[in-house]
Structure formats: C-alpha cells, structure tokens
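Taking it in order: structure first as structure tokens, then the write-up.
The values are calculated or read from the model by the stated rules, or taken from the named source; none is laboratory data. None of these values were measured; they are calculated from a predicted model. Cβ coordinates were reconstructed from backbone atoms using ideal geometry, including for glycine residues, and neighbour counts include every protein chain displayed.
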Amino acid sequence: MNSIILLSVLGLGNLFLGFRRSNRLLLPIMMLILGLVLTVNFLDWNTGAVQLIRFPMLTTDNFSVAFTGIIVLTALLLVPFSQRYVLDEEANLAEYYSLLLFSLVGAIMLVSYNHLLMLFLGIETLSIAMYVLAGSDKRNLRSNEAALKYFLMGAFFTGILLFGMALVYGATGTFELNQISFAVQNPVNASLRPMLYIGMLLMLIGMSFKVGAAPFHFWTPDVYEGTPTFFTAFMSTVVKVAGIAALLKLLVQVFPAASAQGVWLPTLTAICVLTLLIGNVGAVVQTSLKRMLAYSSISHAGYLLIALVAYNGALEGPSANAVLFYSLAYSVATVAAFGVLKLVADARQREDYNGLNGLAKTNPLLAFCLTVSMLSLAGIPLTGGFFGKFFVFAAAVENGYIGLVIFALLMSMVSIYYYLRPIIAMYMRDADDDTAAAVPVSTFQSGALLLLALLTVLLGVLPGLVAGVL
C-alpha cells in the first residue's frame, strides 16, 4: 500500500510548508502529490492480493486499486477549485490540504481493509479530518453548526458500528474477514447466531450513516449546506465512494451466507427503497442548489445500494463493476456541479437557483459544464450517469430484482425535474442586478471544468473504457 505511505509522509511534509506562508506554492505541490499517488497506485494493478504488514490487515488487489484510483482522481480534479484559498493569505491552506491528504489515507484504508480494526481506523481517520474541515470557516455560524452536527452524529453512529463489531467478534472469535466469513457459513455454536445477526445489522446501520443512506441521512442536508463548498464536494464524492466500497466488501466478502439466510438483505433492501424515495422527493422541494445536491447525494447512495442488494457473490463481478463505474461517473459529475456552484457562490454570494439566472449569457462555459453535470446525474444518454444507472439496473434485473428497478426508474423520472431547474435558470431566465456581472473564472479552473465535462461525455460514449475492469 504505497499510496497510504506516500499520502501519510507527504501530508506531514505539507504541514511544514505552511511555515512559508505562501499559499501560491501549495496548490501545484498538492497537484503533484496527488498525481504521484495516482501513478503509484496503478503500479499495483494485477499484482495479485498483496498483504500489508506482518498481519493481513490491509490487502492490495484490483478491487482496492480501482477504487483508490477513483478516490485520488476525484481529489485531484477537485483541487483547482480551492484557488480562492490560494488568493487568501489568511487561509490556513497547508492545514486544509494536509487534512485532505490524511482523509484520503482513511478512504484508502476503507477500500483495502481485511480486518475489522482497519475498517474502524479507516472510518475514524477519514471522519475526524472531515469534522475539522466542516467547521473550518470559524466565522460562519452555519459552518460551526455543521461541524457540531457531523461530529455528534458521527460519534453516535461510530458507537453503534463498534458495538456491532464487538458482537460479531463475540460470535466468531476473530476480526479477520475471511475467518468471519468461514464462521458465518460454518457456525460452531448455534446459540451465538442471534448475537452474530444483531452485530451484522448494527454494522449495517453504522455504515449506512457513513454513506448518507436513509433513514440515517438526517445530518446530510444541514452538514452539506454549512460546510464550505469545496469540502462539501469532497465529502459528497470521496467519503461516499469509500463508504460504499467498504460496505460492498463487508456484505459480499464477509456476510454472503447471511444473505441467503435472510439476515441483512431485507434490511438493506428497505434502506435502499427509503433512500431513493427520501433523496429524490426531498430534492424536489429545495430552493437552495447546495441543499438540492445534498439530497441528490442521498438519492445516488440509493442507486449504489441497488448493486449491493443485487450482488452476485464475488468482489469481481457485475455488481462490483456497476458500483465502480457508477462511482466514477457520479464523482466526476458531482465535482463539476460543486465546482460551478463554488465559483458562482463566491462571486454572487448566493447558493439558490436564482443565483444562476442568466449564467449562460455571462459565463457560457460554466453554464455548459453545469448542464453536462446535471444531465449526467439525471442519467440522460450520452453521459456517464446513463451507463452508471444502466449497469446498476442490469445487475439488479439479472438477479431478479425487477420491482426494485421499476421503483428506481420512477425515482429517476422524478429526479429529472430538479436537475433541469438549474438548466432552466441558466438559459431561460434573465439576470437581475445581483447576477448581471460575469463570474470570474481562472484559466486553470476553466480547464478543470472542461476536463470534467469531457470525462462525463467520454464515459457516456465509450463506457467500455472502465466497465468490466474488475
């Protein structure tokens, strides 16, 4: 796991660069670090399952390499939108960047763990950094509120997750994934089954909170709205993708036999349906673009959970490939959406739909990139989001979940309404006094937005570049 080592060492080194008090130096260094980590990560492709440290607590395989690549690439594409902090000499940019690097360490641990203790450490490494970043705008009461809510709710559900782990350990006598899986399939003491099953469900609840799935989603809109937009984008993409990959690994690799016994599958199916319903219906009534994207994030957790419900019993198969492709398409589109939102909000001090009025006239590039992003999130053809949903639905249909797919399709139709609202505001409404001026966009940021739009379209035209790699 050279990626973890590099991120840890370079994250510490980046802290010392803060003593120079030159934020302009930090942005290219951050890009260089992430580019280096991305390159080193893919050197582990097809090297087989390599275990880190003396005990097999972390494993490098194609599954972990692929999801690590998405996580690091997302962070790399997001960094250009931190340019406002570069221009603000009072911003603690070195600390922000280092916290992001440390949170990436936690995210990589979540997709590489082979031991429940590593799952816990990964969640906490990722979460603690995000608690701090959520409250990084100390002069903003909304940011302080977001940090407090995120911390309190996160600590509460971490306790539930830990209690579940303790019960699973009590029933199986081990924290190692393969041994737990063996114990679930070949129970020695039947009297311990209730303890094991309750532990499974508690772990499922704890992980559902981390990915923002209903009914454990209630923190998401307020935390997303209060957190500075740059960090909200990170939270909405990197944190969610890492959490979904960790949950996929837990259910498919550790508790597959319990699915056949009807232990966690009905609960996960109910969570999936509720997440799709609350996420899409909640987004419809929002007047803030940022809160809409928060509910959108909840709904996309529901689509990803469909692939987990329809898993095929292996980490390298249709369900895993569907989650991988969907995660990439969702992350690229979401980074573009939050990138445009941040630029507009910084210039116009507005995060509602009316702040986008007339954007197509003042900033055609921003309007175009946000349009591509919204169409992809809605699942419109010729975008990555379309094939993301197609692969997820195909995996579900193949395993007989036709009713769930029909419900998801209905929810996708609902989502078209709220994804078209920003497009209507940009192209069909006239700018007022607050939105008449052009939004300042640097060449660097324009290039990043064009790259994101290109990737979104490329995934929609040539999905085979990514589909089926696992």
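For region 346-392, which positions are in contact with a Gly (Cβ under 7 Å, 6 or more places away or on another chain), assigned to a helix (DSSP H, G or I), within 19 Å of Met292 (Cα to Cα) and not basic (Lys, Arg)?
Ser376, Leu377, Ala378, Gly385
For region 49-153, give me every one of the helices (runs of 4 or more DSSP H) that falls completely inside it and has 2 or more residues that are in contact with a Ser or Thr (Cβ under 6 Å, 6 or more places away or on another chain) and in contact (Cβ under 8 Å) with a residue 60 or more places away in the chain. Quick ask: steps written out before the conclusion?
Numbers: elements: 62-78, 83-87, 93-112, 116-134.
Ranges flagged: 62-78, 93-112, 116-134.
Pick from Pro256, Pro266: which is surrounded by fewer than 20 Cβ atoms within 10 Å (Cβ to Cβ) and either in contact with a helix residue (DSSP H, G or I) (Cβ under 9 Å, 6 or more places away or on another chain) or closer than 26 Å to Leu328 by Cβ (or both)?
Only one candidate passes the filter, namely Pro256.
I'd like the full set of residues that are surrounded by fewer than 18 Cβ atoms within 10 Å (Cβ to Cβ) and more than 30 Å from Ala190 (Cβ to Cβ), limited to region 150-175.
Leu152, Met153, Ala155, Phe156, Thr158
Report yes if Gly135 is closer than 30 Å to Gln179 by Cα and among the small types (Gly, Ala, Ser), otherwise no.
Spelling it out, it is not the case that Gly135 is closer than 30 Å to Gln179 by Cα and among the small types (Gly, Ala, Ser).
Results for (1) within 20 Å of Phe151 (Cα to Cα); (2) of a type in the set (Val, Ile, Thr); (3) at pLDDT 95 or above, shown as yes or no for each residue.
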site	(1), (2), (3)
Leu196	no, no, no
Ile205	yes, yes, no
Phe216	yes, no, no
Thr227	yes, yes, no
Ser259	no, no, no
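Go through region 134-147 and report how many residues are under 22 Å from Ala213 (Cβ atoms) and either of a type in the set (Phe, Trp, Tyr) or more than 16 Å from the chain's Cα centre (by Cα) (or both).
2
Within region 182-214, how many residues are surrounded by 15 or more Cβ atoms within 10 Å (Cβ to Cβ) and under 30 Å from Met153 (Cβ atoms)?
Residues that pass the stated criteria total 21.
Tally the residues that are buried (at least 24 other Cβ atoms within 10 Å of the Cβ) and farther than 21 Å from Ala467 by Cα, restricting the search to region 364-407.
4
Out of all the residues in region 231-242, is one or more at pLDDT 90 or above, over 15 Å from Phe120 (Cα atoms), in contact with a Phe, Trp or Tyr (Cβ under 9 Å, 6 or more places away or on another chain) and not in a helix (DSSP H, G or I)?
Within region 231-242 (the criterion being at pLDDT 90 or above, over 15 Å from Phe120 (Cα atoms), in contact with a Phe, Trp or Tyr (Cβ under 9 Å, 6 or more places away or on another chain) and not in a helix (DSSP H, G or I)), the answer is no, since none of the residues qualifies.
Yes/no matrix, rows are residues, columns are (1) under 27 Å from Ala320 (Cα atoms); (2) under 21 Å from the mean Cα position of the chain (by Cα):
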site: Gly379; (1), (2): yes, yes
site: Leu382; (1), (2): yes, no
site: Phe393; (1), (2): yes, yes
site: Leu404; (1), (2): yes, no
site: Leu410; (1), (2): yes, no
site: Val414; (1), (2): yes, no
site: Ala425; (1), (2): no, no
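Only one of Leu36, Leu52 is hydrophobic (A, V, I, L, M, F, W, C), at pLDDT 90 or above and more than 14 Å from Tyr96 (Cα to Cα). Can you tell me which?
Of Leu36, Leu52, the one residue that is hydrophobic (A, V, I, L, M, F, W, C), at pLDDT 90 or above and more than 14 Å from Tyr96 (Cα to Cα) is Leu36.
Checking the structure you have, find out if any residue of region 299-319 is touching a residue at least 60 places away in the same chain (Cβ under 8 Å), farther than 20 Å from Phe407 by Cβ and surrounded by 24 or more Cβ atoms within 10 Å (Cβ to Cβ).
no
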